[in-house]
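Some notes on the structure that comes next.
The values are calculated or read from the model by the stated rules, or taken from the named source; none is laboratory data. No experiment lies behind these values; they were computed from the predicted model shown. Every residue, glycine among them, receives a Cβ derived from its backbone with ideal geometry; neighbour counts consider all protein chains shown. Surface areas here come from the heavy atoms of the whole protein model, side chains and all, with no ligands, DNA or RNA. Shrake-Rupley method; radii C 1.70, N 1.55, O 1.52, S 1.80 Å.
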Amino acid sequence: MGAEISLESPLDGFLLSAYRADAQDARRGGLVLIQEIFGVTQHIRTLADGYAADGYETLAPSLFDRFEDHFEVGYDAASVEKARRFSEATPWDQAASDLDAAVAALAPPVFVVGYCWGGTAAWLAACRCPGVTAVSSFYGRRIPELLAEAPRCPIILHFGRRDASIPTKMAETIGAAYPDIPIHLYDAGHGFVSDRGPDYQPDAARLARLRTLQLFALNGGGRGEI
């Protein structure tokens, strides 16, 4: 359904690829969809197509392109290790700049949703990227690294209670720092939205998606927007 475009990072002029899915029917707004550590995979492209079907012109930037062009890996141990290495070597300043390019490529209102590593990057976008209207962050394990930076737009967070990599105490820490931010906990593990992984939990995925779409609708994502 989608197509590939290039985005130029204002940080260093680097050209990164992005998957673009045009809004179906009347446009509700733009959406930057931030990848998991595995890159812009078929799962991410499918999510982008789904949001496009809901009326959101969606861009999924390939944020590890500096390491490997069109980076995309599977879920085996070697791939996970490689993906984790790339994610840890990506500076937050660089990620924020690349996300600025994606936001600027979309007509407002522009929303952001991110998963896994992208869940933390979504928090970053809420804090740093001008033009972002609202953000939905899924299981962002590294958000505590950025707690000193306050979101500048509405944001909601989603975590799984059975996520071995994100203790419930971490969500409590975020909630203590920002008590007005809605934090939703699900009876699920890490990556519960992905039907490619072992922790897929369809009921939790559907509910989190409905909450995400509701957030966008309440913040300017109405049918017929330019």
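What is the one condition in (1) assigned to a loop (DSSP other than H, G, I, E, B); (2) at pLDDT 95 or above that I156 does not satisfy?
The failed condition is (1).
Quick test of your reading of the structure: R209 fulfils all but one of (1) surrounded by fewer than 19 Cβ atoms within 10 Å (Cβ to Cβ); (2) under 17 Å from the mean Cα position of the chain (by Cα); (3) at pLDDT 95 or above; (4) not small (G, A, S). Name the failing condition by number.
Single failed check for R209: (1).
For the stretch 66-103, enumerate the residues that are out of contact with any Cys (no Cβ under 6 Å at 6 or more places or on another chain), touching a residue at least 60 places away in the same chain (Cβ under 8 Å), part of a helix (DSSP H, G or I) and open to solvent by 20 Å² or more (accessible area, probe 1.4 Å).
If the condition is that a residue be out of contact with any Cys (no Cβ under 6 Å at 6 or more places or on another chain), touching a residue at least 60 places away in the same chain (Cβ under 8 Å), part of a helix (DSSP H, G or I) and open to solvent by 20 Å² or more (accessible area, probe 1.4 Å), then D93, Q94 are the ones that fit.
Does A134 count as outside any helix (DSSP H, G or I), more than 16 Å from Q35 (Cβ to Cβ), at pLDDT 95 or above and not charged (D, E, K, R)?
yes
Return the residues of the stretch 202-226 that are closer than 17 Å to G140 by Cα and either of a type in the set (K, R) or assigned to a loop (DSSP other than H, G, I, E, B) (or both); say none if nothing qualifies. Break it down into steps so the answer makes sense when it comes.
First, pick out the residues of the stretch 202-226 that are closer than 17 Å to G140 by Cα: 204-205, 208-209, 211-212.
Listed by number, the residues that qualify are R209, R211.
For the stretch 175-206, which residues satisfy the criterion of being of a type in the set (F, W, Y) and either more than 16 Å from the chain's Cα centre (by Cα) or open to solvent by 20 Å² or more (accessible area, probe 1.4 Å) (or both)?
If the condition is that a residue be of a type in the set (F, W, Y) and either more than 16 Å from the chain's Cα centre (by Cα) or open to solvent by 20 Å² or more (accessible area, probe 1.4 Å) (or both), then Y178, Y186, Y200 are the ones that fit.
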